[in-house]
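A.B. asks: Take a look at the following structure, please.
The values are calculated or read from the model by the stated rules, or taken from the named source; none is laboratory data. Fair warning: this is a prediction, and the values are worked out from it, not measured in the lab. Cβ coordinates were reconstructed from backbone atoms using ideal geometry, including for glycine residues, and neighbour counts include every protein chain displayed.
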Amino acid sequence: MKTVQEKIAYLRGLLEGSKFYGDDAGTQAIWEQVLAIFDDLGRSVNVLGIGLDELAEYVEAIDGDLMDLEDEIYGEEEDEFIEMECPECGEAVSFEEEFLYDDDVQITCPECGGVVYQGDEFFDSDEQPEDLDFE
C-alpha cells in the first residue's frame, strides 16, 4: 500500500508530465501551492501515525503492568475445567469442575444434545417420576 507522501509525489509527476496547466503561470502557481499543502498534510499524517504506534505500544505495556498488579493484589482466580467425551457422538465437551459437585445439574453435548454428565439428584421436568401414576 502506498503512503500518502508517495501518492502526492505521483500526483505531482502526473501534473508536471501532462502539462495540465499549460503555459498559464497562475494555474501552475495554484497547483504548486495545493501540492505544497498536500506535502505538509502527508508529513503530518506520517508523524501522527508514528505517534499512534508509539501510543499503542505504551498502552499495551500499561495494560500488561495493570494485569500483573491485579493478579498480585487480588490473586489469580482460575476456573478449573473438565473435559469429557460425549457418549453419543464422541465430541469433547468442556465445563467447569464445580459442576461435578452440584447434584442437580445436567451437562449436554452442544453438538448432539446427548447427556455428558448428570448429577445424582437431577430431575428432568419432561420426565414423570416413576412412583406417580398420572393415568
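A.B. asks: Out of curiosity, is Met1 touching a strand residue (DSSP E or B) at 6+ places or on another chain (Cβ under 7 Å), not basic (Lys, Arg) and not in a helix (DSSP H, G or I)?
C.D. replies: Spelling it out, it is not the case that Met1 is touching a strand residue (DSSP E or B) at 6+ places or on another chain (Cβ under 7 Å), not basic (Lys, Arg) and not in a helix (DSSP H, G or I).
A.B. asks: Check whether at least one residue in the range 101-120 is exposed (fewer than 10 other Cβ atoms within 10 Å of the Cβ) and either hydroxyl-bearing (Ser, Thr, Tyr) or within 30 Å of Tyr10 (Cβ to Cβ) (or both), and report yes or no.
C.D. replies: Checking the range 101-120: at least one residue is exposed (fewer than 10 other Cβ atoms within 10 Å of the Cβ) and either hydroxyl-bearing (Ser, Thr, Tyr) or within 30 Å of Tyr10 (Cβ to Cβ) (or both).
A.B. asks: Could you list, in sequence order, all residues of the range 15-28 that are out of contact with any Phe, Trp or Tyr (no Cβ under 6 Å at 6 or more places or on another chain), assigned to a helix (DSSP H, G or I) and farther than 22 Å from Gln5 by Cβ?
C.D. replies: Ala25, Gly26
A.B. asks: Sticking with this one: So which of Glu88, Glu83 is assigned to a loop (DSSP other than H, G, I, E, B) and not assigned by TED's automatic domain parsing to the domain that holds Leu15? Spell out how you get there, then give the answer.
C.D. replies: Numbers: Glu83 fails: assigned to a loop (DSSP other than H, G, I, E, B).
Only one candidate passes the filter, namely Glu88.
A.B. asks: Which condition number does Ala29 fail, the rest of (1) loosely packed, with under 11 Cβ neighbours inside 10 Å; (2) more than 20 Å from Tyr10 (Cβ to Cβ); (3) not basic (Lys, Arg) being met?
C.D. replies: (1)
For (1) modelled with pLDDT of 90 or more; (2) aromatic (Phe, Trp, Tyr); (3) touching a helix residue (DSSP H, G or I) at 6+ places or on another chain (Cβ under 8 Å), each residue gets a yes or a no:
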site	(1), (2), (3)
Gly22	no, no, no
Glu54	yes, no, no
Glu57	yes, no, no
Ala61	yes, no, no
Tyr74	no, yes, no
Ile82	no, no, yes
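A.B. asks: Has the range 64-76 got at least one residue that is in contact with a strand residue (DSSP E or B) (Cβ under 9 Å, 6 or more places away or on another chain) and surrounded by fewer than 10 Cβ atoms within 10 Å (Cβ to Cβ)?
C.D. replies: no
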